[in-house]
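Right, one structure below, let's go through it.
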């Protein structure tokens, strides 16, 4: 029973790591894809499910631990002699299982403890950056664009033919990034009057301003979309593209790289500064892994309404708030929980 639980923990950890990575990869370029976004939804569900099963197996191992046994930090393979590290910091005594000989390493070795921790810390900033990019891109995947795509969206040159209305500045640190307004444009080769609500332009629009508009020839009643920080052709095609052309795509790439750099530096500190016994103790701690697993499930539930393309129900609102701040929470939770790897070895 104990050996089965050990392997459940290991397999769920690996599958969950892969599933979370694939789900976050989808988020990097999913903004132009019509919803529901089934790719990240399915893979995120697998990651959340693995987190729950893994935590349950860890608590099962805790319940099976012999009375008087102190913090077990790494478990030997099925059929191998189990070694444990107590608070006195004695070394593990791991037996050589046949699988160890085949793989050429031991799951209880110091090197494996660091490789495992490093893999986790590669995923943490990647997930945090992807969640941030996904939140930035959400404004591009609104219902009007989905409706235009269904009606056969295309991108054409257009000219503003009436004075813009409801003009508002888009400010960032008291610097004007662009302007939002309601425009009426004449489309080249299309209608002479097309209403564009929520148009976004880099310069203040006026009569005669030339813009690109996303619209549908078969459904001009839907209006159009003007957004000079987005790649309208990518939105019209509805295809997956990481960091698409346009200012928003460039901003997303910069933010993602910044989060990755910071996260990898922090991860390197936790991977190499802590002792291997501390890393194993943290990896097999039911308490630490419950906190991390709960975060995984909460972020997935928070993103679920967005991935499905629907409004959140009342019970889902708390999870939506967690999902919105998920890119920060992921880093914070993993940083503070990793502090448990320092201490007596």
Search result, residues across region 224-234 that are surrounded by fewer than 24 Cβ atoms within 10 Å (Cβ to Cβ) and within 19 Å of residue 33 (Cβ to Cβ): 229, 231, 233, 234
Checklist (1) assigned by TED's automatic domain parsing to the domain that holds residue 21; (2) closer than 30 Å to residue 178 by Cβ; (3) surrounded by 14 or more Cβ atoms within 10 Å (Cβ to Cβ) applied to residue 240, failing item: (1)
Only listed residue being more than 13 Å from the chain's Cα centre (by Cα) and either surrounded by 17 or more Cβ atoms within 10 Å (Cβ to Cβ) or part of a helix (DSSP H, G or I) (or both), chosen from 30, 42, 18, 22: 42
Filter result (farther than 15 Å from residue 157 by Cα, buried (at least 17 other Cβ atoms within 10 Å of the Cβ) and free of Cβ contacts under 8 Å to residues at least 40 places away in the same chain) within region 201-223: none
Any chance residue 251 is in a helix (DSSP H, G or I) and either crowded, with 22+ Cβ neighbours inside 10 Å or in contact with a strand residue (DSSP E or B) (Cβ under 8 Å, 6 or more places away or on another chain) (or both): no
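The values are calculated or read from the model by the stated rules, or taken from the named source; none is laboratory data. Small disclaimer: the values here were computed from a predicted structure and weren't measured. Every residue, glycine among them, receives a Cβ derived from its backbone with ideal geometry; neighbour counts consider all protein chains shown.
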